[in-house]
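Asks: I'd like to ask you about the structure that follows.
The values are calculated or read from the model by the stated rules, or taken from the named source; none is laboratory data. What you are looking at is a predicted structure, and each value in this text was computed from that prediction instead of being measured. A quick note on method: Cβ atoms are made from the backbone with ideal geometry, for glycine too, and the neighbour counts reach across all protein chains shown. Side chains included, ligands, DNA and RNA excluded: accessible areas come from the protein's heavy atoms. Shrake-Rupley method; radii C 1.70, N 1.55, O 1.52, S 1.80 Å.
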Amino acid sequence: MRGAMLPAAALLAAAFSFPAPAQDATRGAAVAEARQCQACHGPQGRSEIPEMPSLAGQQEDFVTMQLILFREGLRRVPAMTEAARGLTDTEAQDLAAYFSSLPSGPKPDRGSPDPALMARGGEVAASRNCNACHLPNFAGRANVPRVNHQREDYLLHTLTEYRDGVRVGADTQMNGLLYGLTDYDLRAVAHFLAHQE
Amino acid sequence: MIRRHLLGLAAAVALPGIALAQQQQPAPPAWAQGRPAEMASSPLAPHAPRLTVTPPDRIPVNSLRVPEGFQVELWAHGLPGARAMTRGPNGTVFVGTRGIGRVYAVRDNGQAREVSTLMSGLDQPSGVAVRDGALFIAAMHRVLRIDNVENNLQNPQPTDLTSAFGQAAEPHHGWKHIAFGPDGRLYIPRGVPCNICEVPEDRFALIESWNPDGSDRRIEARGVRNSVGFDFHPRTGQLWFSNHGRDWAGNNNPSDTLHVSLRRGENHGFPWCAGGFQDPAVEGRLCSEFPPPALILGPHVAPIGTHFYTGTAFPEQYRNALFVALRGSWNRAPLSGFEVIVVREGENGRLVRESFLTGFRDDANQRFSGRPAGLLTMPDGSLLVSDEDNGAIYRVSYRR
């Protein structure tokens, strides 16, 4: 079946010297509207609900990967089951293009940094090299998510799930990385990340 | 013994000016354990896995190269994460994956390949093997069996053998390649739950075998950090396996290796020695105490598929030759691997290696266009090669 499509697809590719990009933010906005992503993730992708992640300015590849993990039932979150049901790869990529194109920013009412938590959070982040993959400004890249400009309560929630082996990612990196950290360490690193510009 | 003071030094260098309040440092993460101080600010990170379908016009089949007289074509596509492959008696090719959690079934109707998803929602089901018409699947610490699988492709009913096999639950290096040996036993490796560490020696760093029902566990090889590819020599039946060296010990150390198991249960060096590299992070035993590898494959090249060619369609010198798919490096600058090599016996019995399928690695731009992973000889003597990054399977054949 699929093999039979090959020659036609190859011809098409040859005909256009600039193939259209696979993903499209405008199409993604329409899918987001139809599936009401903003009802939970906030207008313009900035969450106003506790433990609900913001998606604005999130890394495109990361959003695509997470949507596939939800769709495949690997990252198990009841609230996301319906939203991800039956998404095609293209819809997932379009949604990712849309949310990654929205400007991100720190949560306006995040409060002022607590010196003790900031110090401990900075130590944990440095000793486990969070900046190697998430980059020194914690804005992430490709499959590594943006972890600044995120809600602190969500960061704490999801870090705890990684540490406790509840959250399944596309790899085992984050589970291994957080192994053995205390609840206080996680609180501190979540606070530290939420206060990065 | 892990040298604590070495690790402590690395942490201190990574934290200029910050006085550490706590005496007890958290252990470094699995991937960075044993990292030398000079690599602490390295921006290297594992490459993003691709979980979506790559359209056929973006699959780099036209830029792949094979030796004179061979040809390579796109055999199947639309299988994100395609990795290990095995074939049922009625010709179905089963394909395991990691991140996307699926096992695919590929049927060839003569004109084209039909791809379907046999199982989904499994945690890294990379191991697939067929025995008496049943498909065995190894996911993270789980073993499943689907009886009479080729007659149940639409509605598979797996039997869960997990408790019989009793695999360690630690996720890191817990994904596996599996295969039946000539002795009818199921061979399953168990990698180490870290980058470099000392492990209970009957629990990790092993290749083990069982009866197909999970009884009569036997340790075949010890001191094997992480083997995700092995096969049995078509004539001698000996177990040949590839092994992944540790990360973060430098661009050129240690090398990934190819081994042959000459004595059952023998220790092949982990954590002390890898491919002749005496690991400075661990003390206690010397490289000279372990059997040397059959072949050094190169640093960080990541051997996956490790497969004896059992067909007769390729020229004489490829009969019973060992093909190894090098999925390619992440913990190294510049990139290494990203090709399929062939290992043969040269003059006076020495092993020689040659590149076989290349063109994935773009040295000028330090990019790659695909990651070869699984290998399978087909009844017509062609060789299938899966590409995990593009969710594709290529077919290499010889033109007479």
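Asks: In chain B, if the dipole is taken from +1 on Lys/Arg beta carbons and -1 on Asp/Glu beta carbons about the Cα centre, which of B:V106, B:P280, B:S120 is farthest to the positive end?
Replies: Among B:V106, B:P280, B:S120, the one farthest towards the positive end of the dipole of chain B is B:P280.
Asks: Residue farthest toward the positive end of the dipole of segment A:115-194, with Cβ of Lys/Arg at +1 and Asp/Glu at -1: which of A:A116, A:T160, A:Q150?
Replies: After comparing all options, I get A:Q150.
Asks: Have a look at B:I304, B:I296, B:I178 and tell me which one the Gaussian network model of chain B (Cα, springs below 10 Å) gives the largest fluctuation.
Replies: B:I296
Asks: Size of the dipole of segment A:115-194 about the Cα centre, Lys and Arg at +1 and Asp and Glu at -1 on the beta carbon, nothing else charged, in debye to 20? Before the final figure, lay out the partial values.
Replies: Numbers: 8 positive and 8 negative charges, 43 e Å.
Dipole about the Cα centre, nearest 20: 200 debye.
Asks: Here's another thing I want to ask about it. Given H placed 1.01 Å from N in the peptide plane, which residues other than close sequence neighbours of B:A221 have an amide H under 5 Å from its amide H?
Replies: B:I207, B:G265
Asks: Taking only protein heavy atoms into account and a 1.4 Å probe, give the accessible area per residue of segment A:115-194 in Å².
Replies: Counting only protein heavy atoms, the per-residue value for segment A:115-194 is 36 Å².
Asks: Okay, next question. With the crude spin-label approximation of a point 7 Å out along Cα→Cβ, what separation in nm comes out for A:R110 versus A:A22?
Replies: For the pair A:R110/A:A22, the computed spacing is 3.2 nm.
Asks: Could I have the simple spin-label model distance between B:H47 and B:A169, label points 7 Å from Cα toward Cβ, reported in nm to one decimal?
Replies: Label-label distance for B:H47 and B:A169, simple model: 3.3 nm.
Asks: Hey, what did segment B:114-178 get for relative contact order, percent, Cα under 8 Å, at least 6 apart? It would help to have the intermediate numbers written out before the result.
Replies: Details: 107 pairs, mean separation 21.6, N = 65.
RCO, segment B:114-178: 33 percent.
Asks: Give the A-B buried accessible area in Å², both sides summed, 1.4 Å probe, nearest 100.
Replies: Details: alone 11210 and 17680 Å², together 25470 Å².
Roughly 3400 Å² of accessible surface disappears when A and B pair.
Asks: How many times 2.2 N^0.38 Å is the alpha carbon radius of gyration of segment B:206-285? Each step should come with its number before you reach the end.
Replies: Working: Rg = 13.9 Å, N = 80, 2.2 N^0.38 = 11.6 Å.
Ratio of Rg to 2.2 N^0.38 Å for segment B:206-285: 1.20.
Asks: Leaving out ligands and nucleic acids, note down the accessible area per residue over segment A:27-73 with a 1.4 angstrom probe, in whole Å².
Replies: Details: 2120 Å² over 47 residues.
Normalised by residue count, the accessible surface of segment A:27-73 is 45 Å².
Asks: Normalised by the residues of chain B, what does the relative contact order come to in percent, with Cα pairs under 8 Å and at least six apart?
Replies: 16
Asks: Continuing with this model, one more query. Roughly how many whole Å is it from the C-alpha centroid of segment B:162-235 to that of segment B:284-349?
Replies: 20
Asks: Any idea how far apart B:R319 and B:S63 come out in nm if each label point goes 7 Å out from Cα toward Cβ?
Replies: 3.8
Asks: With +1 on each Lys and Arg Cβ and -1 on each Asp and Glu Cβ, how big is the dipole of segment B:61-121 about its Cα centre, in debye rounded to the nearest 20? All intermediate terms of the calculation are to be shown ahead of the outcome.
Replies: Details: 7 positive and 4 negative charges, 54 e Å.
Approximately 260 debye in magnitude.
Asks: Give, in nm to one decimal, the length gained when the segment between B:Q278 and B:D380 is fully stretched (0.36 nm per residue of separation minus the Cα-Cα distance).
Replies: Full extension from B:Q278 to B:D380 adds 32.3 nm.
Asks: Compute the accessible area per residue over segment B:105-248, keeping the other protein chains in place, probe 1.4 Å, unit Å². Don't skip to the end; give the middle numbers.
Replies: On the way: 5280 Å² over 144 residues.
Here the residues of segment B:105-248 average 37 Å² of exposed surface.
Asks: Let me ask you something else. Label the protein assembly as shown by shape, choosing from rounded, prolate and oblate, from the square roots a ≥ b ≥ c of the eigenvalues of the Cα gyration tensor; if a/c is under 1.5 it is rounded, and otherwise prolate applies when a/b is larger than b/c, oblate when it is not. Working shown, then result.
Replies: Numbers: a/c = 1.71, a/b = 1.22, b/c = 1.41.
Verdict is oblate for the protein assembly as shown.
Asks: Apply the a/c threshold of 1.5 to the C-alpha gyration tensor of segment A:25-101 and tell me whether it is rounded, prolate or oblate. Write out the running numbers ahead of the final one.
Replies: Details: a/c = 1.40, a/b = 1.06, b/c = 1.33.
Cα axes put segment A:25-101 in the rounded bin.
Asks: For a test of the definition: using alpha carbon positions, the gyration tensor, and the 1.5 limit on a/c, classify chain A as rounded, prolate or oblate. Don't skip to the end; give the middle numbers.
Replies: Numbers: a/c = 2.03, a/b = 1.85, b/c = 1.10.
Note, shape of chain A comes out prolate.
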